[in-house]
Amino acid sequence: LGEHGVALCGYGPGRKDDNRRNLIQNSRFRHCGELFWHAAGVYIAQSGENVIAHNLFQNLPFISVVVSGVRDFWRGHLRAGEGGEAIRWDDIGDETAEMWAQAYREGREPWVEAQPFLHARNNRIEYNEILAGVEVMGDGNAMYLSGAGEGNVVRGNYIHHMLGDGVQTALRPDDLQRDVLFTGNVVYKCVYGAVEHKHTNHYVNNIFACIFETNPKGARWNEWAYMLLGRGPLDGTRIQRNIFYHPGTGAPFYHERQLPPDHPFHISLEDCQADRNLFFAAADPAAATAFLAQAQARGVEQHSLVADPHFVDIEAGDFRLRPDSPALGLGFIPIDVSESGPQEPWRTTLFDGPVLHTTIRPDGGRLQPEGSTRVELRCDVPDARIHYTLNGTDPTPASASFVGELH
């Protein structure tokens, strides 16, 4: 498609709330945005109470799922591109417009005052699979919410192999976005970050595993971390019962963007209710221990642990926990990613037969220019014929055949 796969668009902020309760389920979104690269697989604007469930998003130029509203309500001072031109000022009235303007003059965003007019609320984005997104544009994410109202839930999604140049983080509640619950999600083998967090949103019972500092081309983003705390206030944010699994050295679990203490968007981990999380750095356990000690000295993560979560097979993407997993003692509820993506019988219909999984090792990180790198490709059907390319294009039957090893 030229632009979005599906767009659910209501009226701009005002009293009209006429786009609600849509169901988008068991569908496959790929190669949208062929003309307008800023497109999304599913774009929701000022539309609420929708269910986006059991879909597959792949090979998209920008964000897979967008939930948005308006981020600037100061009449006469609206920032370009923030959706302010859609505000229905006749509905809003002069009294409310002045109340919003006064909030801005006081150095704060009118979150509470704007809530009745933000209609992209109470959406459920659940049990989707997202991979290979942000292939063309920059500053993109798998899921993005901004100015969308309260009560949105992002649950049970499997987000993996987001490795493009423009990926920022997999999950991103952005400006003027609060009260989103992210729960039961797995973010695996993505670049730069699992979450960019802003304001008061919540992360409970997720797996954030194998986040890479550089993408396969060696590009690096200077603020990378599993969870980037980007903009406050963070009062009441819950970061609880999550598994942070880092395969390498160091322990880049949290990064706090540096802002002056008197800045209205000041960031402080102490403002969060962060506890009962499990942290592990497989190649450097001592770094995770040092990280947790520093966090506990600040009064957070008091019951959290540093320990191997004992996944059944993390390299194969099997996130089931063995019975002796210390995460279970923290109250973590196991996540089964096989429930994410299209269900039967639609799965067979969409893929025209069984889905074949190909394992590529290594599938991320930076390839050094000196020496050689051994690449293995394996399919779950032993006699499958595998084709490959080295220039970023999709392989076809006419592409080179892979046999054994590639150096």
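The values are calculated or read from the model by the stated rules, or taken from the named source; none is laboratory data. Since we're looking at a predicted model, the values are computed, not measured. For neighbour counting, all protein chains shown are included, and Cβ atoms are generated from backbone atoms with ideal geometry for every residue, glycine included. Side chains are part of the model used for accessible areas, which takes the heavy atoms of the whole protein and leaves out ligands, DNA and RNA. Shrake-Rupley method; radii C 1.70, N 1.55, O 1.52, S 1.80 Å.
What does the charge count around His263 come to, taking other residues whose C-beta lies under 11 Å from its C-beta (Lys +1, Arg +1, Asp -1, Glu -1)? Mind showing how you got there, number by number?
Numbers: positive: Arg231, Arg257; negative: Asp262.
Overall, the nearby charge balance is +1.
Using 7 Å Cα-to-Cβ label points, what is the Phe36/His263 separation (nm, one decimal)?
Between Phe36 and His263, the simple spin-label model gives 3.3 nm.
Let's see if you can work this out: charge +1 on each Lys and Arg Cβ, -1 on each Asp and Glu Cβ, no other charges. What is the dipole magnitude of the range 161-224 about its Cα centre, in debye to the nearest 20? All intermediate terms of the calculation are to be shown ahead of the outcome.
Details: 6 positive and 7 negative charges, 33 e Å.
It works out to roughly 160 debye.
So who's got an amide H within less than 5 Å of the one on Ala274, skipping anything under 5 residues away but keeping other chains? H placed 1.01 Å off N, in plane.
Answer set, sorted by chain and number: Ile239, Glu301.
What shape does the range 157-233 take by its C-alpha gyration tensor, where a ≥ b ≥ c are the square roots of the eigenvalues and a/c under 1.5 counts as rounded, a/b above b/c as prolate, and the rest as oblate?
Values: a/c = 2.42, a/b = 1.42, b/c = 1.70.
Oblate shape, in that a/c is at least 1.5 and b/c is the bigger or equal ratio.
Identify all lysines with a Cα-Cα distance to Lys217 below 21 Å; exclude those on the same chain that are fewer than 8 residues away in sequence.
In chain and number order, the partners are Lys189.
Direction-averaged shadow area of the convex hull around the Cα atoms of the range 232-311, nm²? Kindly include the intermediate steps, with their values, before the conclusion.
Details: hull surface 21.2 nm².
Dividing the Cα hull surface by four gives the mean projection, 5.3 nm².
Using only Cα positions of the range 189-345, each an equal point scatterer, no hydration layer, compute I(q)/I(0) via Debye at q = 0.20 Å⁻¹ and quote the log10 values to two decimals.
Those come out to -1.37, one per q.
If packing is taken as the average number of other Cβ atoms within 10 Å across a peptide's residues, how do 271-281, 120-130, 320-330 rank, most packed first? Write down the numbers at each step before the final one.
Details: 271-281: 22.0, 120-130: 23.8, 320-330: 15.6.
Ranked by mean Cβ neighbours within 10 Å, highest first: 120-130, 271-281, 320-330.
Check each of the trypsin sites (Lys or Arg not before Pro) in the range 180-259 and keep only those in coil by DSSP with at most 14 other C-beta atoms within 10 angstrom; list them in order.
Details: sites: Lys189, Lys198, Lys217, Arg220, Arg231, Arg238, Arg241, Arg257; in loops: Lys217, Arg241, Arg257.
Hits after loop and neighbour filter: Lys217.
Roughly how many debye, to the nearest 20, is the charge dipole of the chain about its Cα centre, given +1 on each Lys and Arg Cβ, -1 on each Asp and Glu Cβ, and no other charges?
On the way: 35 positive and 52 negative charges, 61 e Å.
Computed charge dipole of the chain: roughly 300 debye.
So which trypsin sites (Lys or Arg not before Pro) in the range 29-88 are both in a DSSP loop and have at most 11 other Cβ atoms within 10 Å of their Cβ?
Values: sites: Arg30, Arg71, Arg75, Arg79, Arg88; in loops: Arg71, Arg75, Arg79, Arg88.
Of the trypsin sites (Lys or Arg not before Pro), the ones in loops of the range 29-88 whose Cβ has at most 11 other Cβ atoms within 10 Å are Arg79.
Ignoring ligands, DNA and RNA, what percent of the accessible area of the chain is carbon or sulfur (1.4 Å)?
In the chain, the share of accessible area belonging to carbon and sulfur is 51 percent.
Where does the range 282-335 land on Rg/Rh, using Cα atoms and the Kirkwood Rh?
Here the Rg-to-Rh quotient is 1.02.
Net charge around Phe291, counting only other residues with Cβ within less than 15 Å of its Cβ (Lys, Arg = +1; Asp, Glu = -1)? Don't jump to the answer; show the numbers that get you there.
Details: positive: Arg298; negative: Glu256, Asp275, Asp284, Glu301.
The answer is -3.
Please sort 244-253, 162-171, 102-111 by packing, taking for each peptide the average over its residues of neighbouring beta carbons within 10 angstrom, highest first. The partial results should precede the final answer.
Working: 244-253: 20.2, 162-171: 24.7, 102-111: 14.6.
So the peptides 244-253, 162-171, 102-111, ranked by packing, come out 162-171, 244-253, 102-111.
Hey, what does the equivalent ellipsoid look like for the range 188-242, semi-axes from the Cα gyration tensor as sqrt of 5 times each eigenvalue, largest first, whole Å? Walk me through the numbers on the way to the answer.
Working: eigenvalues 108, 40, 5 Å².
Equivalent-ellipsoid dimensions as semi-axes: 23, 14, 5 Å.
Can you give the Kirkwood hydrodynamic radius for the range 17-65, in Å, rounded to one decimal and based on Cα pairs? Please list the in-between numbers first.
On the way: mean 1/r = 0.0866 Å⁻¹.
After inverting the pairwise mean of 1/r, the radius is 11.6 Å.
May I ask what percent, to the nearest 5, of DSSP beta bridges between residues of the chain are antiparallel?
10
Quick one: accessible area per residue over the chain, 1.4 Å probe, rounded to a whole number of Å²?
On the way: 18370 Å² over 407 residues.
Heavy-atom SASA per residue in the chain reads 45 Å².
Which of rounded, prolate or oblate describes the range 106-241 when judged by the alpha-carbon gyration tensor and an a/c cut-off of 1.5? The partial results should precede the final answer.
Working: a/c = 1.83, a/b = 1.55, b/c = 1.19.
Here the range 106-241 falls in the prolate category.
Once a ≥ b ≥ c are taken as the square roots of the eigenvalues of the Cα gyration tensor of the chain, is the result rounded (a/c under 1.5), prolate (a/b larger than b/c) or oblate (a/b not larger than b/c)? Spell out each step's value before the answer.
Numbers: a/c = 1.84, a/b = 1.30, b/c = 1.42.
Taking the square roots of the gyration eigenvalues as a ≥ b ≥ c, the chain is oblate.
Take every DSSP beta bridge whose two residues both sit in the range 1-92, then give the antiparallel share in percent to the nearest 5.
Values: 0 of 15 bridges.
In the range 1-92, approximately 0 percent of DSSP beta bridges are antiparallel ones.
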